[in-house]
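Everything on this sheet refers to the single structure shown next.
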Amino acid sequence: MSDVILSARHLFKTYTQRSGRLGLGSTKIHALDDVSVDLKTGSTLAVVGESGSGKSTLARCLLQLQPLDQGEVLFQGVDLAKLTAAELRQQRRDMQMVFQDPFASLNPRMRIGEIVAEGLLIHGLGNADEREHKVIKMLKRVGLTEADMKKYPHQFSGGQRQRIGIARALVLEPKLVVCDEPVSALDVSIQAQILLLLKELQQEMNLSYLFISHDLRVVRHIADEVAVMHRGKLIEHDTVEALYAAPKQEYTKNLLNAIPGRKGLSVQTA
Amino acid sequence: MTELLRIEGLTIVPAAMPERMLVKDVSLTLQPGRTTCVVGESGSGKSLTALAVMQLLSKQLKQISGRVLFQGQDLTTLNHEQMRDIRGKRIGMIFQEPMTSLNPVLTVGYQIGESLTVHLGLKGKALKARVASLLEQVGIPATRADSYPDELSGGQRQRVMIAMSIACEPAMLIADEPTTALDVTVQAQILKLLDELKTRMNMGMLFITHDFGVVADIADDVVVMFRGEIVESGPVAQVLNQPQHPYTKALLACVPDADGKKALQPIDYAWIDGDGVPA
Ligand SMILES: Nc1ncnc2c1ncn2[C@@H]1O[C@H](COP(=O)(O)OP(=O)(O)OP(=O)(O)O)[C@@H](O)[C@H]1O
Ligand SMILES: Nc1ncnc2c1ncn2[C@@H]1O[C@H](COP(=O)(O)OP(=O)(O)OP(=O)(O)O)[C@@H](O)[C@H]1O
Ligand SMILES: [Mg+2]
Ligand SMILES: [Mg+2]
């Protein structure tokens, strides 16, 4: 199946939560409960759902950043769990992730130029000049500047850090990017700029995105298909038009109805 | 003296580069029982302003002018100990990045309970019950009190921060993008919880957000920041319905619609810098 870049089959993941003073008690949290999903090549699949429903767990498991209890993940037809460490590293260049917590994912002792160039270096792409050129170009596309290369993560605002995470993933020109709440900290103008950039790169390179977001307005603009997660299960999956026009599940309807300020932004004067 | 907060002429620079103003002559006031939303460009100085109120600016930054009056008292003149008494007890703060402000080696229940013990002397069963109730108010099962921060989802961590910030029912809450990791249903629950505190305790809120839907729902007043300065402020209806400054107009024009009909369009800064007339 060449038109599907990523295919997940019957994924299960359970966390065991110790509890009680001595850690004797324990509860099980079913973060992924039989999740199957396909991502079409060159398209964007948004994953939405309640906080704690398993979206980030799904993202990490798809990229083999976390072991599954059960199930298989095929990337371009290859079962990722069956690869050797070296083979998996090869594939990693093509599968990038933008993490939910930007600050925690940036090494505080590295300069931004180094952080964004690191992947290029690891995968031996280009010489030093070419790498620097690529890094500068990507920083500019996410609304940062060449001068920012010399700064450290703590010198940036929340939204600037989030854009550093995006630049780091996109500079490698991967085939698949898993984005976990990539624009949640951005003002609406930068948000539009980043979403347009993602779309542009998608057209240029036939990129595929798995796009986790709680912002249903953003999802409406970026996604081709939407999958809804609820308590570890994937409860609804449809094209964005169909899902917004006629949501089937009660939970999905609630989500769509709860978009803040949906009545429009105008506020009644008291 | 009914005023809760008055910031006057706040200016912040990097210690190593004092000519670069990150926050420039910012002034604002907040009344008890009111909510002021701070919106604006990424990097415009919103978080630094909030951190300056809490006297938590990093050593590399310097406040070179300005006063921060909280209930009439200038916080910039207080020593560490006096400030510690106010922080967490009379002013609560929700930081923009939960992971950097939660301690990874302590359970979240312990961290929520800490300020209750320090400020209110709660211990034992009473403490445990209060922590459980706070967790449930933010939609997390009380059994998760024994979890460590990295065992929680992004939105759960954010809600732990919210529970910590309101534990002592502060007179003022500073919330820096507190709901960015929350889906709309949980977000609605949290906004309702904060609104209750506002009504019941007459709590005042300084609420930083980029989400104009949230602004429309909760703000009494709005402050717009752009390149370190406040460029516009006023009652929410006025700022959203009749924005005056070109930046505010441009920003509002970028708000994505829920139907996906309007094309995405970032701000063209050339006309803000130029004659202030949209191209
Ligand atoms: N330690 C520092 N040294 C130098 N510059 C800094 C430092 N911390 C922040 N800055 C700069 O100060 C400016 C204001 O930062 P601030 O965090 O207040 O922005 P913000 O309005 O909260 O933005 P965002 O919406 O992206 O969170 C940014 O341009 C940032 O790069
Ligand atoms: N290491 C862990 N140990 C125990 N429980 C965990 C661990 N990691 C995640 N969980 C739990 O698994 C569930 C799913 O978490 P996940 O991070 O995948 O949610 P999410 O959908 O990304 O939520 P959010 O929108 O809040 O980021 C949550 O209840 C979370 O508390
Ligand atoms: Mg998550
Ligand atoms: Mg900020």
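Other residues whose C-beta falls under 15 angstrom from the C-beta of B:Pro149 contribute a net charge of -2, scoring Lys and Arg +1 and Asp and Glu -1. Dipole magnitude for region A:127-262: about 320 debye, using +1 per Lys or Arg Cβ and -1 per Asp or Glu Cβ, origin at the Cα centre. Normalising by the residue count of chain B, find the relative contact order in percent from Cα pairs under 8 Å and 6+ residues apart. Over chain B, the number comes to 23 percent. Our summary gives region A:98-247 a relative contact order of 22 percent, counting only alpha carbon pairs under 8 angstrom and 6 or more residues apart.
Expressed in nm to one decimal, what extension gain is obtained for the pair B:Ala15 and B:Glu229 from 0.36 nm per residue of sequence separation less their Cα-Cα distance? Please report the intermediate quantities before stating the final value.
Numbers: separation 214, 0.36 × 214 = 77.04 nm, distance 1.89 nm.
Roughly 75.1 nm would be gained on extension.
Between B:Gly9, B:Leu135, B:Val68, the Cα set farthest toward the positive side of the dipole of region B:1-143 (charges on each charged residue's Cβ, about the Cα centre) is that of B:Leu135. In region B:40-54, burial by the other protein chains removes 30 Å² or more of accessible area from B:Ser42, B:Gly43, compared with the chain on its own (1.4 Å probe, ligands and nucleic acids ignored).
From largest to smallest, the equivalent ellipsoid semi-axes obtained for chain B from the alpha-carbon gyration tensor read 32, 23, 17 Å. A loss of 30 Å² or more of accessible area (1.4 Å probe, protein heavy atoms, ligands and nucleic acids excluded) relative to the isolated chain is seen in these residues of region A:159-197: A:Ser184, A:Ala185, A:Asp187, A:Val188, A:Ser189, A:Ala192, A:Leu196.
Farthest towards the positive end of the charge dipole of the protein assembly as shown, among the residues A:Met205, B:Met83, A:Gly54, is the Cα of B:Met83, using unit charges on the Cβ of Lys, Arg, Asp and Glu.
For region A:19-168, the number of Lys pairs with C-alpha atoms closer than 27 Å, counting only pairs eight or more positions apart or on separate chains, is 10.
For the pair region B:59-130 and region B:8-26, the centres of their Cα atoms are 24 angstrom apart. Going from the chain on its own to the full set of protein chains, region A:70-108 has these residues losing 30 Å² or more of accessible surface (heavy atoms, 1.4 Å probe, no ligands, DNA or RNA): A:Gln100, A:Asp101, A:Phe103. Amide H contacts under 5 Å for B:Met93: B:Gly88, B:Ile174, restricted to partners 5 or more places along the chain or on a different chain, H placed in the peptide plane at 1.01 Å from N. A Cβ-based charge dipole, computed about the Cα centre of region B:167-233 with Lys and Arg at +1 and Asp and Glu at -1, lands at about 140 debye.
Within a straight-line Cα-Cα reach of under 21 Å, B:Lys198 can be paired with the following lysines, leaving aside sequence neighbours fewer than 8 residues apart in one chain: B:Lys89.
For chain B, a Gaussian network of Cα nodes joined below 10 Å ranks B:Gln156, B:Gln63, B:Gln244 by mean-square fluctuation, and the top entry is B:Gln244. Per-residue SASA remark: B:Met225, around 0 Å² accessible (1.4 Å probe; ligands, DNA and RNA not included). Note on A:Phe12/B:Asn202: beta-carbon distance plugged into 1/(1 + (r/R0)^6) with R0 of 45 Å gives a FRET efficiency of 0.35.
For region A:1-116, the relative contact order comes to 28 percent (Cα pairs under 8 Å, sequence separation of at least 6). Taking amide H as placed 1.01 Å from N in the peptide plane, the amide H of B:Val223 sits under 5 Å from that of B:Cys37, B:Val38, B:Val39, each at least 5 places away or on another chain.
Counting only other chain Cβ atoms within 10 Å of each residue's Cβ, the peptide B:183-193 averages 5. What the Kirkwood sum gives for region A:48-100 is a hydrodynamic radius of 12.1 Å, with every pair of different alpha carbons counted. Rolling a 1.4 Å probe over the heavy atoms of the protein chains gives the protein assembly as shown an accessible area of 44 Å² per residue.
Calculated FRET efficiency, B:Asp74 to A:Tyr152, Cβ-Cβ distance, R0 = 51 Å: about 0.95 to the nearest 0.05.
Note on chain B: with neighbouring protein chains present and a 1.4 Å probe, carbon and sulfur make up 52 percent of its accessible heavy-atom surface.
Only Lys, Arg, Asp and Glu count, each charged at its Cβ (+1, +1, -1, -1), so figure out the dipole size of the protein assembly as shown about its Cα centre, rounded to 20 debye. The calculation lands at about 1300 debye.
Buried surface for the B/A pair, taken as the accessible area of each chain alone minus that of the pair with a 1.4 Å probe, is close to 4400 Å² in total.
The values are calculated or read from the model by the stated rules, or taken from the named source; none is laboratory data. Just so it is clear, the model here is predicted, and its values are computed rather than measured. Glycine gets a Cβ as well: all are built from the backbone with ideal geometry, and neighbour counts include every protein chain shown. Accessible surface is based on the protein model in full, side chains and every heavy atom, while ligands, DNA and RNA are left aside. Shrake-Rupley method; radii C 1.70, N 1.55, O 1.52, S 1.80 Å.
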